[in-house]
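Quick notes on the structure that follows.
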Amino acid sequence: MSQRSSLFKTVFLTEILKGLSLTLRKLFAKPVTVQYPEEKKPLAPGFRGRHALVRDPETGKDRCVGCYRCAQVCPAQCIYIETERDPETRARIVKRYDIDALRCIFCGYCEEVCPVNALVLTEFFEYSAYSREDLYFTREKLLSNWDEFIVTQKRPYFNPFWKPRGIPEKRLPAPKRKAEGI
Ligand code: SF4
Ligand code: SF4
């Protein structure tokens, strides 16, 4: 920078004037912040919030078939499943399905991989608890999470992670290909 230019800036306080003009412009610009919680911004589709097990409207139960895929893919290893075989039909029965939400990193792999779209990270995020136990979601709690969430949604509801983009449809398991909103 030449000496003359530096002197000009010092005499005429150009940097201060630049700063003041920026302040003035921002004073009348539309704010980028909102008055949360009175005001809320719409969430992006597929926002990953509180876990839920989808309650099937036909059976009133969850749709989990106990395939263990979600537990295997979970990087935090926070999904606990126990199954047993029906002694007569040999069908698999899910005895336990728990998620330790405090260990979850909300990656969404579990909902993507589930072949029957039984699991979802709902768009509900305003929750807290006073104890660790309250954030350990049992199967019943996961179903009640769904009930609380779905009443706030327009039906039919469809989560984008149930049919993830970038995977050719023919590579998805058949129930996922056919899946429609709930
Ligand atoms: S969102 Fe990711 S970390 Fe959380 S339970 Fe699912 S797979 Fe595990
Ligand atoms: S991937 Fe789906 S069906 Fe399989 S165990 Fe997990 S929630 Fe159940």
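Checking the condition more than 16 Å from ligand 1 (Cβ to nearest atom) and in contact with a strand residue (DSSP E or B) (Cβ under 7 Å, 6 or more places away or on another chain), which residue from Arg48, Arg55 passes? None of the other options fit; the residue is Arg55. Identify the residue in segment 46-63 that is more than 22 Å from Phe106 (Cβ to Cβ) and within 13 Å of ligand 2 (Cβ to nearest atom) and, among all such residues, is most open to solvent (accessible area, probe 1.4 Å). Among them, the one singled out is Lys61. Of the helices (runs of 4 or more DSSP H) lying entirely inside segment 64-182, those containing at least 3 residues that are crowded, with 16+ Cβ neighbours inside 10 Å and within 16 Å of ligand 2 (Cβ to nearest atom) span 69-73, 109-113, 139-150.
For segment 1-41, the set of residues classified as of a type in the set (Asp, Glu) and in a loop (DSSP other than H, G, I, E, B) consists of Glu38, Glu39, listed by residue number.
Close Cβ contacts (under 9 Å, 6 or more residues apart or on different chains) running from residues in segment 24-37 that are touching a residue at least 24 places away in the same chain (Cβ under 8 Å) to residues that are in a loop (DSSP other than H, G, I, E, B) and among the acidic types (Asp, Glu) comprise Pro37/Glu126.
The values are calculated or read from the model by the stated rules, or taken from the named source; none is laboratory data. Fair warning: this is a prediction, and the values are worked out from it, not measured in the lab. When we count neighbours, we look across all protein chains shown, and the Cβ atoms used for this are built from the backbone with ideal geometry, even at glycine. Ligands, DNA and RNA are excluded from the accessible area calculation, which covers all protein heavy atoms including side chains. Shrake-Rupley method; radii C 1.70, N 1.55, O 1.52, S 1.80 Å.
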